[in-house]
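Engineer: The structure that follows is given in the form of structure tokens.
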Amino acid sequence: MKIRANRKKTLLLFLALCLVGNLLACGQATNPIYRRDFTKADLEKLRWIEGSWRGSDINGQNPFYERYRFNSESKIETASFADATFTKVNDAGIVYWENGEILHKGGEMVWAAGKLNDGMVEFVPKEKARNSFVWQKEAADVWTARLINKDAQGKLIETVYRMERVK
């Protein structure tokens with residue numbers, strides 16, 4: 001009788017641990033990881049993005065225009081424009097360093113950098129944002145923006161834009 005009770009307890013403990021493990025794994029999938037150990041100097045690794053850019057979809061269609069400008073050692077202003085004249089701002093945002101984080105704020109949404117090196121930064125959702133995105137330097141005057149979203153069924157969808165420097 002005592003052996004059977006011990007087996008029941010062992011089985012219940014095993015099932016409880018499996019349940020906790022599954023819950024933790026689910027939490028990790030919905031809570032993106034971002035770093036909190038960046039320095040102001042790390043933001044300099046994005047100096048390559050400074051300038052005016054023409055973006056387009058993978059087929060070279062649907063152009064859009066953006067500008068990135070360092071206004072201090074810890075802040076990059078971002079702006080989207082209506083056309084190639086870069087005169088009418090449609091939207092603005094900011095990339096900045098704060099308390100060990102590199103953040104991108106656009107409207108009420110905030111993304112935090114999870115990875116950063118001299119030619120790439122990955123931003124993951126932090127506040128009110130649902131998508132992730134990666135900026136990847138391809139050459140001095142070319143980079144790509146990869147946006148990662150989920151559809152209604154939870155399937156990952158990636159959209160790639162090519163950015164070319166406007167001189």
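Engineer: Anything in segment 95-115 that is surrounded by 14 or more Cβ atoms within 10 Å (Cβ to Cβ) and either among the charged types (D, E, K, R) or out of contact with any Phe, Trp or Tyr (no Cβ under 7 Å at 6 or more places or on another chain) (or both)? List them, or say none.
Structural biologist: Selection gives V95, Y96, E101, K105, G106, M109, V110.
Engineer: For segment 61-73, give me each residue that is loosely packed, with under 15 Cβ neighbours inside 10 Å and over 19 Å from A140 (Cα atoms).
Structural biologist: Once the filter is applied, which keeps residues that are loosely packed, with under 15 Cβ neighbours inside 10 Å and over 19 Å from A140 (Cα atoms), segment 61-73 yields Q61, N62, P63, N71, S72, E73.
Engineer: Next question, about the same structure. I'd like the full set of residues that are more than 25 Å from D37 (Cα to Cα) and touching a residue at least 40 places away in the same chain (Cβ under 8 Å), limited to segment 98-142.
Structural biologist: Selection gives A140 alone.
Engineer: Right, another one. Look at segment 111-167 and say how many of its residues are within 14 Å of the chain's Cα centre (by Cα), outside any strand (DSSP E or B) and among the polar types (S, T, N, Q).
Structural biologist: Number of matching residues: 1.
Engineer: Now a separate question. Filtering segment 41-51 down to residues that are over 16 Å from A139 (Cβ atoms) and either among the β-branched types (V, I, T) or more than 17 Å from the chain's Cα centre (by Cα) (or both), which residue is surrounded by the most Cβ atoms within 10 Å (Cβ to Cβ)?
Structural biologist: Ranking the candidates gives E44 first.
Engineer: Only one of A145, A84 is exposed (fewer than 15 other Cβ atoms within 10 Å of the Cβ) and either in contact (Cβ under 8 Å) with a residue 24 or more places away in the chain or not assigned by TED's automatic domain parsing to the domain that holds Y68 (or both). Can you tell me which?
Structural biologist: It is A84.
Engineer: Tell me, yes or no, whether segment 94-104 has at least one residue that is out of contact with any Gly (no Cβ under 7 Å at 6 or more places or on another chain), modelled with pLDDT under 95 and either assigned to a strand (DSSP E or B) or assigned by TED's automatic domain parsing to the domain that holds G51 (or both).
Structural biologist: no
Engineer: Between T85, T78, which is in a loop (DSSP other than H, G, I, E, B), modelled with pLDDT of 95 or more and among the polar types (S, T, N, Q)?
Structural biologist: On inspection, the qualifying residue turns out to be T85.
The values are calculated or read from the model by the stated rules, or taken from the named source; none is laboratory data. Source: prediction; values computed, not measured. Glycine gets a Cβ as well: all are built from the backbone with ideal geometry, and neighbour counts include every protein chain shown.
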